Amino acid sequence: MIKVGDRIPSVKLKHMTAEGIKDITTDEIFKGKKVVLFALPGAFTPTCSAKHLPGFVQKAADLKGKGVDTIACLSVNDAFVMNAWGKDQKVENKVLMLADGNGDFTRAVGLEMDGTGYGMGKRSRRYALVAEDGVVKTLNVENPGAFEVSSAEAVLKSL
């Protein structure tokens, strides 16, 4: 599992733009920036939709006020689903919605969760990290079923 002091692995992700689905690399996202990345098991799932993503949308200005350049939400879903979820949650330009459809990034950071018992396949564990110029400065990984240390409020306290 990735840890504080490690460099974010170089991985290609997807995101929706006005021109359609585009590739975006972690190097593009993290290089020279202070980034808050939070990941969750799935778009439109209860805790993710009721608490996790909305918290970062509501606290976006506070996070930016602490020097955060980019707030990114990552899930092992496709870009169409992440885009639809972002619209549903009224994310606008506050949070970059990242699709890790094949779980490449999630496996690279060692934070994969096996949700096959629930019919969800392989997903991401719930966590939040802060990285500066691609180096992890803070990493808060939730215990299974919990939502405590990866909230927007917890990240704000760590900045």
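The values are calculated or read from the model by the stated rules, or taken from the named source; none is laboratory data. Worth saying up front: this structure is predicted, and the values here are computed from it rather than measured. Don't worry about glycine lacking a Cβ; one is built from the backbone with ideal geometry, like all the others, and counts go over all protein chains shown.
So, in segment 119-136, how many residues would count as being modelled with pLDDT of 95 or more, assigned to a loop (DSSP other than H, G, I, E, B) and not charged (D, E, K, R)?
Total satisfying the criteria: 1.
Does residue 16 satisfy being more than 24 Å from residue 138 (Cα to Cα) and surrounded by fewer than 22 Cβ atoms within 10 Å (Cβ to Cβ)?
yes
Test of understanding: among 156, 139, which residue is surrounded by 15 or more Cβ atoms within 10 Å (Cβ to Cβ), at pLDDT 95 or above and within 20 Å of residue 7 (Cβ to Cβ)?
The conditions single out 139.
Starting from residues that are surrounded by fewer than 17 Cβ atoms within 10 Å (Cβ to Cβ) and among the hydrophobic types (A, V, I, L, M, F, W, C), keep the ones in segment 35-67 and report whichever is modelled with the lowest pLDDT.
Here the residue is 50.
Which of the residues that make up segment 21-74 are closer than 29 Å to residue 114 by Cβ, of a type in the set (Gly, Ala, Ser) and either touching a residue at least 24 places away in the same chain (Cβ under 8 Å) or touching a strand residue (DSSP E or B) at 6+ places or on another chain (Cβ under 8 Å) (or both)?
Within segment 21-74, 39, 42, 43, 49, 55, 72 qualify.
Residue by residue through segment 122-151, note down the ones that are free of Cβ contacts under 8 Å to residues at least 40 places away in the same chain and not polar (S, T, N, Q).
142, 144, 145, 146, 148, 149
Of the residues that make up segment 87-104, is at least one touching a residue at least 40 places away in the same chain (Cβ under 8 Å), over 20 Å from residue 156 (Cα atoms) and over 14 Å from the mean Cα position of the chain (by Cα)?
Scanning segment 87-104 turns up at least one residue that is touching a residue at least 40 places away in the same chain (Cβ under 8 Å), over 20 Å from residue 156 (Cα atoms) and over 14 Å from the mean Cα position of the chain (by Cα).
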